[in-house]
Amino acid sequence: MLTPNLTVSSEGHLCIGGADTVSLARTYGTPLYVMDENMIRENCRGYARVIAEEYGGRGLICYASKALSCKELYRIVDSEGLGADVISGGEIYTALQAGMPAEKLVMHGNSKSNAELQMAVSNDIGRIVCDNLPELRRLDQIAGEAGKIVNIMLRIKPGIDAHTHDFVKTGQIDSKFGFAIETGEAMQAVQAVGLCKNLRLVGLHCHIGSQILDTEPFAEAARVMIGFMNQIRDALLITLPELNLGGGPGIRYTEEDDPKPFGEIVRAILSALKNVCAELDYPEPFVLFEPGRSIVGGAGLTLYTVMAKKVIPAVRTYVLTDGGMCDNPRYALYRSRYEALIANKADQPRSENVTIGGKCCESGDLIGEDMPLQAAEEDDILAVLATGAYNYSMASNYNRNPRAEIVMVKDGVARTVVKRETYADIIRNDI
Ligand code: LLP
């Protein structure tokens, strides 16, 4: 099985976190996102444990809520002592509504609106990561009007090629995010903050990409960032106390994937960080990490009902479901691969090779091609695995399909955490 929380019952049904997915599909309907709370919590604890063991607890894990944002997720990560990375007014609003402490939120975005900045300032969001000079000026003014001194970090491009999918690579110079070190703009940005009376620069941030399978790009980013902090100390006599190294550890989507476990990645980062700090005699900073996918990705799966099977002789076999790119756009966007199985035949061999298609009016509405699958029939329940990250959060209402429900399973018992949208929800804002 792809993740340790998946088992097969004596009836041959796929179970997640002790809950039978076939019964879940019958009870809650499909498409259905199912999340395993225990696994999410174990992942939160796994991250915190490494910071405690390797770094004396001098850090904060901020769950990157773009991976999956809903009130219950913020409640869970908050109860595990984590903060959260928020990227929009909508994520800030959801986090605060869920009771997340504002000081544990880190706000991102390369095009934050004034309204979003005002929202962050008036709610005393702990750290705002500034992306560009116009934003710095606007934030300084907004903070001044509110009579506040705002803690900021600067988003820096360390120029690292993390060998990941082009669409999710954000660390190189050719990226819309942040200030590059090698062009001098990063140093200019640090100087520019010095002129902003209402902003306090607490540290630097970088994020080198997502679904990164190896430790070395992360370790290198840590070395580059401390090197740059040391240059800032030399040039401007400023010692920055914090370093935020973003997110990015990859997960297992297919049986061939062999990502380094996130614990190993964080250990390697902290070891590189301690070494470079010792070499440069730079005080070890308070560290922040922003993992998203590695906290929720493997903890979720999506259930569909098989509506039809279409065999095109000598071409391909389509298995058509009641969901698709509306609830999982990742194959359409990135050609991301998944494992699937027939949940009510999980004990049978995956003897066929199929293309899983969705219900949208679009040829590219696929969950994957050339996927091994048990012999599918109408009314079977199809499970697509490791969909906990960037599925619900990237879902759409294309073709006016209501967004699917999310149930959370804990110790075999399920509860709804996001209700299924209704047709009334769909026309809610239509005049
Ligand atoms: N911090 C920052 C500043 C980020 O931009 C991201 C992801 C993260 C943290 C969390 O990265 P993670 O640990 O989840 O890899 N939609 C794409 C992924 C986009 C990621 C964007 N930024 C996908 O479905 O693969």
_the chain: relative contact order in percent, alpha carbon pairs under 8 Å with at least 6 residues between_ = 20
*Of Lys309/Lys419; Lys66/Lys112; Lys66/Lys260; Lys260/Lys410, which pairs sit farther than 19 Å apart, going by alpha carbon to alpha carbon?*
Lys309/Lys419; Lys66/Lys260; Lys260/Lys410
*In the chain, carbon and sulfur make up what percent of the accessible area (probe 1.4 Å)?*
50
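Please say if the stretch 335-431 is rounded, prolate or oblate, where rounded means a/c under 1.5 for a ≥ b ≥ c the square roots of the C-alpha gyration tensor eigenvalues, and otherwise the choice is prolate for a/b larger than b/c and oblate otherwise?
In terms of gyration-tensor shape, oblate.
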_Could you identify which residue out of Gly358, Gly227, Gly247 has the top mean-square fluctuation in a GNM of the chain using Cα springs shorter than 10 Å?_
Gly227
_Selection from Thr254, Val150, Leu270, by position along the positive dipole direction of the chain (Cβ)_ = Val150
_Distance between the stretch 229-294 and the stretch 12-65 - C-alpha centres, whole angstrom_ = 23
*asked:* Please compute the modelled spin-label separation between Ile238 and Ile426, points set 7 Å along Cα→Cβ, answer in nm with one decimal.
replied: 5.2
*asked:* Suppose all protein chains stay in the model; what accessible area per residue would a 1.4 Å probe give for the chain, in Å²?
replied: 41
*With +1 on each Lys and Arg Cβ and -1 on each Asp and Glu Cβ, how big is the dipole of the chain about its Cα centre, in debye rounded to the nearest 20?*
900
*Estimated vicinal HN-Hα couplings, Hz - the stretch 304-315 in sequence order (Karplus 6.51, -1.76, 1.60; Gly, Pro = x)*: 10, 9, 6, 9, 6, 10, 10, 9, 9, x, 6, 10
*Given the options Thr27, Thr355, Thr387, which has the most mean-square fluctuation in a GNM of the chain, springs set between C-alpha atoms less than 10 angstrom apart?*
Thr27
*Hey, got the dipole for the stretch 28-111? About the Cα centre, +1 on K and R Cβ, -1 on D and E Cβ, debye to the nearest 20?*
100
*Determine the distance separating the Cα centre of the stretch 348-405 from the Cα centre of the stretch 412-429; give it in Å without decimals.*
19
*Return the lysines within reach of Lys310: Cα separation strictly under 27 angstrom, same-chain partners fewer than 8 residues apart disregarded; answer none if there are no such residues.*
Lys345, Lys359
*Report ³J(HN,Hα) in whole Hz for each residue of the stretch 231-246, in order, from the Karplus equation J = 6.51 cos²θ - 1.76 cosθ + 1.60 where θ = phi - 60°; Gly and Pro get x.*
4, 4, 4, 5, 7, 10, 6, 10, 9, 7, x, 10, 9, 10, 9, x
*For Ile367, list long-range residues whose amide hydrogen, built 1.01 Å from N in the peptide plane, is under 5 Å from its own amide hydrogen.*
Ile356, Gly357, Gly358
*Can you give the calculated 222 nm mean residue ellipticity of the chain, where each DSSP H run of n ≥ 4 adds -39,500 (n - 2.57) and the sum is split over every residue, rounded to the nearest 500 deg cm²/dmol?*
-9000 deg cm²/dmol
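The values are calculated or read from the model by the stated rules, or taken from the named source; none is laboratory data. Source: prediction; values computed, not measured. So basically every Cβ, Gly included, is an ideal-geometry build from the backbone, and we count neighbours across all protein chains shown. Surface accessibility is based on the protein's heavy atoms, side chains included, excluding ligands, DNA and RNA. Shrake-Rupley method; radii C 1.70, N 1.55, O 1.52, S 1.80 Å.
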